[in-house]
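**Student:** The following block contains the structure, expressed as structure tokens.
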Ligand SMILES: NC(=O)c1ccc[n+]([C@@H]2O[C@H](COP(=O)([O-])OP(=O)(O)OC[C@H]3O[C@@H](n4cnc5c(N)ncnc54)[C@H](OP(=O)(O)O)[C@@H]3O)[C@@H](O)[C@H]2O)c1
């Protein structure tokens, strides 16, 4: 009997890299044939190559961590954003439906319009404010339309010890400037690739053992909430620099114009994830402490 197969796509990204590391090390996947492909190995713009890759590997579980994530650039590259975030996931789902396997995919809090102050539930109406959010929503709908078994995890404010993210932008700006103005009216939970990958590996192991939860969208973000200003404050408290930390001034989104509009309320309610999939992500402060510890340990070597 051949080994069961798991395929990770987008392995060069923040989440994809963490998934690749964890699946390789997880004892539950020791008996699996795990393949991870980066953009250099499989470009989502090439739909034929995408189909062929799934047909070639024939995974029981496919995890798609690839995405067009340049939120501001998407405003002027609509077609490219939709190709990667909507068309490609549809093809992956069509192929997984043929294989009768599971597709695990990630989406975003940016499918919502950011109104109100309550954490968003999966049943709440969507209303993306920008092209990126619209392309991710189209991807969710395209996957569901294929009838493939799927789990779509909407998450928020993703970062990791590596990658282009808010944490590294703050650390760089903290070295370059004495004062920073940081948006303080967008509310959400910074979520580590580590926490997302740990939950995904746990769930994938159970899928491999026959767990068959309802297909659909689930909210998967770290617990608790803050603002970008709150997150920046935590970052500068955790990373002492040679010089004093920059002075942080809270500002409104309206005072920080960007090509893409962003939602003010990005809170995601994780109750369905807990009740249906038995998954709970750590508090964002604990998840941040883990990434900070990784970076501190690295700087000692
Ligand atoms: N980052 C966030 O704040 C955030 C928030 C909410 C939800 N999410 C979602 O979470 C998931 C993981 O995001 P992440 O933070 O890990 O993103 P990321 O670090 O930007 O990684 C995305 C990966 O997709 C790859 N990719 C882009 N275009 C591609 C193409 N045409 N063909 C193949 N691969 C392509 C990228 O390659 P290159 O680096 O070479 O472009 C990158 O390796 C995504 O579904 C994202 O939409 C992210």
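The values are calculated or read from the model by the stated rules, or taken from the named source; none is laboratory data. All values reported here derive from a predicted model rather than from experimental measurement. Don't worry about glycine lacking a Cβ; one is built from the backbone with ideal geometry, like all the others, and counts go over all protein chains shown.
**Student:** When both residues are 6+ apart or on different chains and their Cβ atoms are under 8 Å apart, which pairs have a first residue that lies in the range 31-51 and is farther than 18 Å from residue 13 by Cβ, and a second that is part of a helix (DSSP H, G or I) and within 11 Å of the ligand (Cβ to nearest atom)?
**Tutor:** Every condition considered, the pairs that remain are 47/87; 47/88.
**Student:** Collect the residues in the range 98-132 that are within 13 Å of the ligand (Cβ to nearest atom), in contact (Cβ under 8 Å) with a residue 60 or more places away in the chain and either assigned to a helix (DSSP H, G or I) or within 19 Å of residue 185 (Cβ to Cβ) (or both), keeping them in residue-number order. Lay out the reasoning, then the answer.
**Tutor:** Residues of the range 98-132 that are within 13 Å of the ligand (Cβ to nearest atom), as a first pass: 103-112, 120, 128, 130-132.
Checking which are in contact (Cβ under 8 Å) with a residue 60 or more places away in the chain leaves us with 104, 106-107, 109-110, 112, 120, 130-132.
Within the range 98-132, 109, 110, 112, 120, 130, 131, 132 meet the criteria.
**Student:** Exactly one condition in (1) surrounded by 24 or more Cβ atoms within 10 Å (Cβ to Cβ); (2) touching a helix residue (DSSP H, G or I) at 6+ places or on another chain (Cβ under 6 Å); (3) assigned to a helix (DSSP H, G or I) is not met by residue 62; state its number.
**Tutor:** Answer for residue 62: the failing condition is (3).
**Student:** Could you say whether any residue in the range 187-198 is touching a residue at least 24 places away in the same chain (Cβ under 8 Å) and over 19 Å from the mean Cα position of the chain (by Cα)?
**Tutor:** The answer is no; no qualifying residue exists.
**Student:** On the given criteria, is residue 88 within 14 Å of the ligand (Cβ to nearest atom), at pLDDT 95 or above, within 27 Å of residue 211 (Cα to Cα) and in a loop (DSSP other than H, G, I, E, B)? Please lay out each step first, then the result.
**Tutor:** Values: within 14 Å of the ligand (Cβ to nearest atom): yes; at pLDDT 95 or above: yes; within 27 Å of residue 211 (Cα to Cα): yes; in a loop (DSSP other than H, G, I, E, B): no.
Answer is no for this residue.
**Student:** I'm checking my understanding of the structure. Among residues of the range 7-33 that are closer than 12 Å to residue 201 by Cα and over 19 Å from the mean Cα position of the chain (by Cα), which one is surrounded by the fewest Cβ atoms within 10 Å (Cβ to Cβ)?
**Tutor:** Out of the qualifying residues, it is 27.
**Student:** Looking at 160, 205, 195, which one is buried (at least 24 other Cβ atoms within 10 Å of the Cβ) and either under 25 Å from residue 25 (Cα atoms) or modelled with pLDDT of 95 or more (or both)?
**Tutor:** 195
**Student:** Please verify whether the range 180-188 includes one or more residues that are modelled with pLDDT under 95, in a loop (DSSP other than H, G, I, E, B) and within 16 Å of the ligand (Cβ to nearest atom).
**Tutor:** No: the range 180-188 contains no residue that is modelled with pLDDT under 95, in a loop (DSSP other than H, G, I, E, B) and within 16 Å of the ligand (Cβ to nearest atom).
**Student:** Could you check the range 43-59 and list, in sequence order, the residues that are within 15 Å of the ligand (Cβ to nearest atom), outside any helix (DSSP H, G or I) and surrounded by fewer than 20 Cβ atoms within 10 Å (Cβ to Cβ)? Even if it seems obvious, please write down each step before you answer.
**Tutor:** Of the range 43-59, the ones within 15 Å of the ligand (Cβ to nearest atom) are 43-54.
Narrowing further to those that are outside any helix (DSSP H, G or I): 43-46.
Listed by number, the residues that qualify are 43, 45, 46.
**Student:** Then there's this: Does the range 72-83 contain at least one residue that is within 11 Å of the ligand (Cβ to nearest atom), farther than 23 Å from residue 165 by Cβ and in a helix (DSSP H, G or I)?
**Tutor:** yes
**Student:** Are there any pairs, at least 6 apart or on different chains, whose C-beta atoms fall under 6 Å, with the first in the range 3-27 and near the ligand (Cβ under 8 Å from one of its atoms) and the second in a loop (DSSP other than H, G, I, E, B) and modelled with pLDDT under 95, and if so, which?
**Tutor:** Every condition considered, the pairs that remain are 14/163.
**Student:** Right, something else. Would you mind finding the one in 101, 116, 147 that is farther than 24 Å from residue 29 by Cβ and either touching a strand residue (DSSP E or B) at 6+ places or on another chain (Cβ under 7 Å) or buried (at least 21 other Cβ atoms within 10 Å of the Cβ) (or both)? Lay out the reasoning, then the answer.
**Tutor:** Working: 101 fails: farther than 24 Å from residue 29 by Cβ; 147 fails: either touching a strand residue (DSSP E or B) at 6+ places or on another chain (Cβ under 7 Å) or buried (at least 21 other Cβ atoms within 10 Å of the Cβ) (or both).
Result: 116 is the single residue among 101, 116, 147 that is farther than 24 Å from residue 29 by Cβ and either touching a strand residue (DSSP E or B) at 6+ places or on another chain (Cβ under 7 Å) or buried (at least 21 other Cβ atoms within 10 Å of the Cβ) (or both).
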